[in-house]
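I have placed the structure first, in the form of structure tokens, so that the comments after it can refer back to it.
The values are calculated or read from the model by the stated rules, or taken from the named source; none is laboratory data. This one's a predicted model, so the numbers in the text were calculated from it and none came from an experiment. So basically every Cβ, Gly included, is an ideal-geometry build from the backbone, and we count neighbours across all protein chains shown. Heads up: the accessible areas ignore ligands, DNA and RNA and are worked out on the full protein's heavy atoms, side chains in. Shrake-Rupley method; radii C 1.70, N 1.55, O 1.52, S 1.80 Å.
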Amino acid sequence: MCDITAVLTVDLLAQVLDWLHDSRDLKSCRLVSRAFLQAERMHRRAIRALRLGPLPVLLRRYVGSLQSLDLSSCPSLDDSALSLSIPCPNNLRSVSLSRATGVTWRGLEVLASVCPRIEAIDISHCVGFGDREAAAVAKACWLKELRIDKCLNVTDVGLAKVAVGCSRLEKLGIKWCFEISDIGIDLLVKKCLELRELDISYLKVGNESLRSIASLSKLEDLALVGCEYIDDEGLYFLSNGNCSLQSIDISRCENVTSVGLTTLAEGQQRLRKINAGNCSPVLTSTFVSKLCTLGDTLIILKLDKLQLLASALEIVGKNCRNLLEIGLSKCNGVNDEGISWLVEGCTHLSTIDLTCCLLVTDKSLLSIATCCRGVKCLRLESCVLISEKGLDQIASCCTDLKEIDLTDCNVNDNALKCLSRCSELLVLKVGLCSGVSDIGLSFIGTNCSKLLELDLYRCTAITDDGLAAISNGCKRLKKLNLCYCNQISDTGLAHLQLEELSDLELRGMVRITSSGITAMAMGCRSLTQLDLKRCYSIDDAGMWALAQYTENLRQLTISYCTVTGLGLCHILGSLRCLQDVKMVHLSWVSIEGFELALRASCGKLKKVKLLGKLQDVLSSELLQTLQSRGCRIRWVNKPLVFKG
Amino acid sequence: MDQKQRSSFTYPPRNNSPQESFNPNYDYPQFNSQNRTESPYTPSQFFNSQAREWDPHALLSNLSFLEQKIHQMQNIVREMIRTNEGQNCNISELTAQRQLLTTDLTSTIIQLISTAGSFLPTIRTSLLSGNAPIPQLGSSIPSASSAPSPSAYQPNPSPDYEELTKGWGENVVESAGQIQIEDLDVKEGEDVGQDGDTLPIGSYEVLQLEKEEILAPHTHFCTICGKGFKRDANLRMHMRGHGDEYKSPAALAKPAREPGSQPIPVKRYSCPFVGCKRNKEHKNFQPLKTLLCVKNHYKRSHCEKSYTCSRCNTKKFSVLADLKTHEKHCGRDKWLCSCGTTFSRKDKLFGHVALFQGHTPALPSDEVKGKNEEINDKDDSGGVGYNDGDEYLDMKGGYFSPMVNFDSFSFEGLDEFSRTTFDPTENSFSFLRSGSPDFARKGPGN
């Protein structure tokens, strides 16, 4: 057998590998020969681990070249496991520990000390983290990028530690760190002069913070989502500051009015992205006319839930000719006239969000189809006046359409027939469209083979045949929502043989049983999220099948299933990636069953949803252990109601 | 020379009661300065002893003497009033009485000033020079014939003294019939004592006090009991306890400046510590504004911090007031910097951190953690460098050197370390954990 490396050198192979993005393709490549494996080994820079088990082998294979390590999906990651997961010596630049609730500040301190050149750390959503963890991270003095979003206990002190320790920071996310105040932000700004991106969304900071932030000369991207204490005065500071912002997100800032937005647009002439959705609703024409001065630089504009007049859209259309994305979700004043003016000017638009623009009709779709042929994403949820006529226009003109949301639009099979012409379609959402049936799905199945995501929520007309058509045609589906499609039975489910399917929602499908689940599990081995809530007929057999076949299952909802303690214990004990389980109203499981099951999964689980009544009967020792290992328990007090 | 000048004063013997040196039936016209000169106790002795050690007994006897003298003068004035009413006096006799009274009042005042001034180290030096004309005053008494104002007796009076005596003379002349002369005198005397420092040169005058003077605890002394005060106002309040005569509004009022006198020049102070920025020799000399500033500055900058906070046992102060201020919020300073400085307010700490390179706010439980850590480190892993002291050092150094820790780092140690923490739970669930991946147990070969 001839050695391929004689023809194709390793570095040439590595260049080929540059073009492979899909993990499956890479896996196939690795399996060709030792030479290919060697090439892949030298080429790989990043690892995202799903389980801790095989990690040491992988690390030994990739030691040296590895720069990025993502451990965010690893269950039962604690300090000792973390320290073993870091190769030594290493060249790591980036580590993600998002949601790694089992890790403590000790582990982070070790991480900071053994990765001397680490530049990016993500510890977002580790809700228990506070100042001590922030202080540990702050020891990584070369850090350029840090995300501590939703580390709920981080205060100004923790932020100050980071600010002093990591003065080279360029990107910082402190979203949802509610304890941080103006004082902390002020210090951050004084110490980290290199900041380019800052996310302080949902913080309870006021205008003083913006006054400080405005002095950051390198700041380009600022997110202020839901900062309720910020008002027009703060935006005034920003507009007169040293920073030259390119992107600002001030959505949900209730106290920001169009006066503030006007000042901002005046002062920051390099703005490329503006998200002003859900601010104080009345938008004056002065702001829109100021937007025009930004003119060609502006590429993204989101004005969700603002009261817009058609004339405002006309001004935008005439001036912002390079606009790529516009968000007009829930803007009551948007009508066909406004849309036609808008698209006549902004011909480069690729994303148009018209969610809940109730006045939009087929005329709008017609003008979009004629003017913006390059449109890729169209969100039309609840635009009840549109019909297959308009969609036909879109489908014939916008051949590059990749994503369309028609949730609750009352479209029918004809509409799907039209859309099936868009062979590039990746995302299709037709939830709540009771007119969609197997016929429509058969068109999609035949033509849209690239589809990644399909939402058929409450499309009650769909039967097993429709599902079969989809399963046969759209082999690359990653996400499928079949909630409440209650005509589908085990037969239909058995058709689901989608190797890449990772996210499946089967909520409220009362006719499916464990045998259907078993068949599905055998075909969809990559499942990571599965929702079986209110699938009343699913019992332990289904759990055994899931435990056996869907090894990567991470998130599972089995509320209302007829699972017993044995099945629960088995599935929680055997699924090695399981992290999030919702198990409310499992009437067949005894208290001992819950105890054993939770003990079996102890250390892996990060989130558990349980019936509130169990709070008192489960042993406190167990609950404490769960919590000390970073598991959050949500107690639910909903009455037991069977819906069919 | 001082000795000679002062010899004209009569002071009571230190150990004798005032009555011995004072004759109740003392006949004023027979008053003879020679008697005083013959007194075995010379003022110089008295002053010298005062300079060395403060003697309350001497002070008390002095004051009693003065008190009796004032009573005597009161008698004379009453006598004068009586003779005036009787219309049987001749003019020359009355004039002679007035002159004698004037002379006597003058000497009383000077004695009073000396008594008070001897306790004021800062004032004493200038007072001594101001006392130069006194012997002439004393010696001129017998021959005094016509001059109503004592200034006439002074060939070379210093401006201050002239001012004093002039004002005093007028007062006496105008208020000869009034009772409360002595109150006025006391007030005037104090005033002079304070003014004795001033010499108007330039925009402000730089004064430099000696170390001992700065460190003297008090600057205002009760002329009756000798108790010292830091503020004249407090002294005036204290004086009320010594009799009704001190309770008059005039006595209690703030000593007023003479309306006609020249404006008081601005005074500034220099720190005696050579090399200090507050010393007048320093090229960027920054004068101190008040005497209190001098005192506090000198104590804070050049003295040992002898007051230790009894609560925290760490903070030391050289000014008692600083300690008291600290004690008010000691223990409530929850905002701690890595340099050890504490703050009662978060914004102050953050301002401090912003100002100094490498300083960070310390975590609230650092101390507690440090203690626990020590024990843990001994028990579990010597290899892992968890040490809070290091943290401070690193921060102070401005950067963190990971390579050091990296080399000495031991995975085994950490594993052991963190497992010990979780041991109880580990054991209780071991029976169920076989199905789940136990990474630590299976090891890297898995």
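Can you tell me what the convex hull of the Cα atoms of the stretch A:90-205 projects to on average, as an area in nm²? Please report the intermediate quantities before stating the final value.
Working: hull surface 22.9 nm².
Taking a quarter of the hull surface, the average projection is 5.7 nm².
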Using a loss threshold of 50 Å², tell me which positions in the stretch A:137-159 are less accessible in the complex than in their chain alone. Probe radius 1.4 Å, ligands and nucleic acids ignored. A:LYS139, A:VAL157
Pairwise centroid distance, computed over Cα atoms, of the stretch A:67-117 with the stretch A:38-56, Å: 14
Lys and Arg at +1, Asp and Glu at -1: neighbours of A:LEU611 with Cβ under 13 Å from its Cβ sum to +4
Formal net charge of residues neighbouring A:GLN67 (Cβ-Cβ distance under 12 Å; K, R +1; D, E -1): +2
Suppose we compare each residue of the stretch A:53-76 in its chain alone and in the full protein complex with a 1.4 Å probe; which ones drop by at least 40 Å² of accessible area? A:GLY53, A:PRO56
Before I look further, what does chain A give for accessible area per residue, probe 1.4 Å, in whole square angstrom? 38
Roughly what % of Cα-Cα distances in the stretch A:346-476 sit above 22 Å, to the whole percent? 26
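Given a 1.4 Å probe and every protein chain left where it sits, what share in percent of the accessible area of chain A is carbon and sulfur?
Numbers: 12220 of 24430 Å².
About 50 percent, which is the carbon plus sulfur part of the accessible surface.
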Taking r as the C-beta separation of A:LYS218 and B:ARG332 and R0 as 41 Å, the FRET efficiency to the nearest 0.05 is 0.55
Any chance you could check the stretch A:590-637 for residues losing 50 Å² or more of accessible area when the partner protein chains are in, compared with the chain on its own (1.4 Å probe)? A:ARG599, A:ARG629
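Determine the order of A:ASP438, A:ASP296 by accessible area, beginning with the largest, at a probe radius of 1.4 Å. Please list the in-between numbers first.
Numbers: A:ASP438 30, A:ASP296 95 Å².
These residues rank, largest area first, as A:ASP296, A:ASP438.
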Its Cα gyration tensor gives the stretch A:1-94 an equivalent ellipsoid whose semi-axes in whole Å, largest first, are 27, 13, 12
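Could you state the accessible area per residue of the stretch B:230-354 in Å², with a 1.4 Å probe and every protein chain left in place?
Accessible surface, normalised per residue, equals 63 Å².
I'd like the antiparallel share, as a percent to the nearest 5, of DSSP beta bridges with both residues in the stretch A:1-126.
Numbers: 0 of 9 bridges.
Of the beta bridges lying entirely in the stretch A:1-126, close to 0 percent run antiparallel.
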Restricting to Cα pairs below 8 Å that are 6+ residues apart, what does the relative contact order work out to for the stretch A:164-259? Please round to a whole percent. 26
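Buried accessible area between B and A (1.4 Å probe, both chains summed, ligands and nucleic acids excluded), in Å² to the nearest 100? Show your work: numbers first, answer last.
Values: alone 27000 and 26650 Å², together 49190 Å².
The B and A chains share an interface burying roughly 4500 Å².
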Is chain A best put as rounded, prolate or oblate by its Cα gyration tensor, with a ≥ b ≥ c the root eigenvalues, rounded for a/c under 1.5, and otherwise prolate when a/b is larger than b/c, oblate when not? rounded
Loop only per DSSP, at most 15 neighbouring Cβ atoms within 10 Å: give me the trypsin sites (Lys or Arg not before Pro) in the stretch A:550-644, ordered by residue number. A:LYS613, A:LYS643
Roughly how far apart, in whole Å, are the Cα centres of the stretch A:188-253 and the stretch A:590-639? 41
Be a star and scan the stretch A:304-328 for residues whose amide nitrogen sits under 11 Å from the point 7 Å along the Cα-to-Cβ vector of A:THR286. none
Around A:ALA265: net Lys/Arg minus Asp/Glu count, Cβ-Cβ under 15 Å: +1
Within 10 Å of each candidate Cβ there may be at most 13 other Cβ atoms; applying that plus a DSSP loop requirement, which chymotrypsin sites (Phe, Trp or Tyr not before Pro) in the stretch A:565-644 survive? A:PHE642
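Find the eigenvalues of the gyration tensor of the Cα atoms of the stretch A:482-588, then list the square roots of 5 times those eigenvalues as equivalent ellipsoid semi-axes, largest first, in whole angstrom.
On the way: eigenvalues 62, 54, 27 Å².
Three semi-axes, in Å: 18, 16, 12.
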Of B:PHE350, A:PHE237, which has the most accessible area with a 1.4 Å probe, and how do the rest follow in descending order? A:PHE237, B:PHE350
